[in-house]
Amino acid sequence: MFIQFLRENRYASLFLTLFRVYLGWQWLNAGWGKISSGKFDASGFLNGAIKQVSGEHPAVQPWWGNFLNDVALPHVELFNVLVPWGEFLVGLALIIGVFTSFAMLMGLTMNFAYMLSGTTSTNPQMVFIGMFILVAGINAGKIGLDRWLMPILRKWINNKDEKEKLPQSA
C-alpha cells in the first residue's frame, strides 16, 4: 500500500521532488567542488580505505579492499574523472528530474561504494532518502523533465517494437 502511494499519489510526488532536489544538490555540490578545484585525486581515499581492511573487525571488507587495490587504485586516473563527473551529473539529473530512477540508482551505487570503503558521513541518510525515490519510480520525476521525456521514450520504444513485429517483405 505504501509503495503504491509512493508510485501513484500526486502529493507524494511533491515530497519526492523535495527529497530529489535535496539529494541532487548534495551530489551536485560534491561533484562541482571536485571539478572546480582541479585537484581531485582519489588515490588518498583509496589507500585509506585499503588500510582499513586489516584487524579483527575491519571497517572495509577484504573483498572490497581487493577490488580497490587491484582495480580502482591501478586505474585511479579513470576514477579521478568518473567520481567528480558522476557526482555532478547525478546531482544535475536529480535536480531537473531527468532519468530520475537511473540517476538515483547511480547515486545509491556511489553511496554504497563510499560506505563499503569505510566512510559514513551523510551516506546512510542519502541511501535512506534515495530508496524512497528509487521505489517511487516515475512518480519521483513527475515534477521534472521526466514528465515529458518518459512518455516520448515509451512511445518511441513501443513504435520500434511494433516495427520489429511486422513481417518483412521480400
Candidate set from the stretch 61-78 (those that are within 21 Å of the chain's Cα centre (by Cα) and in contact (Cβ under 8 Å) with a residue 12 or more places away in the chain); member that is nearest to residue 31 (Cα to Cα): 76
The stretch 144-158: number of residues that are among the hydrophobic types (A, V, I, L, M, F, W, C) and touching a residue at least 40 places away in the same chain (Cβ under 8 Å): 2
Exclusive hit being touching a helix residue (DSSP H, G or I) at 6+ places or on another chain (Cβ under 6 Å), surrounded by fewer than 15 Cβ atoms within 10 Å (Cβ to Cβ) and within 23 Å of residue 127 (Cβ to Cβ), set 79, 5, 102: 5
Residue within the stretch 141-148 that is closer than 30 Å to residue 48 by Cβ and either part of a helix (DSSP H, G or I) or of a type in the set (A, V, I, L, M, F, W, C) (or both) present: no
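If the requirement is being surrounded by 18 or more Cβ atoms within 10 Å (Cβ to Cβ) and not β-branched (Val, Ile, Thr), which of these qualifies: 38, 44, 91?
Values: 38 fails: surrounded by 18 or more Cβ atoms within 10 Å (Cβ to Cβ); 44 fails: surrounded by 18 or more Cβ atoms within 10 Å (Cβ to Cβ).
91 is the lone residue from the list that is surrounded by 18 or more Cβ atoms within 10 Å (Cβ to Cβ) and not β-branched (Val, Ile, Thr).
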The stretch 93-117, residues that are assigned to a loop (DSSP other than H, G, I, E, B) and not aromatic (Phe, Trp, Tyr): 97, 98, 117
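So, residue 102, is that one at pLDDT 95 or above, within 15 Å of the chain's Cα centre (by Cα), of a type in the set (Phe, Trp, Tyr) and farther than 30 Å from residue 65 by Cβ or not?
Working: at pLDDT 95 or above: yes; within 15 Å of the chain's Cα centre (by Cα): yes; of a type in the set (Phe, Trp, Tyr): yes; farther than 30 Å from residue 65 by Cβ: no.
No: the conditions fail for residue 102.
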Hits in the stretch 27-48 (condition: under 16 Å from residue 91 (Cβ atoms) and not polar (S, T, N, Q)): 27, 28, 30, 31, 32, 33, 34, 35, 40
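The values are calculated or read from the model by the stated rules, or taken from the named source; none is laboratory data. Since the model is a prediction, treat every value here as computed from it, not as a measurement. All Cβ positions, even for glycine, are placed from backbone atoms using ideal geometry, and neighbour counts span all protein chains on display.
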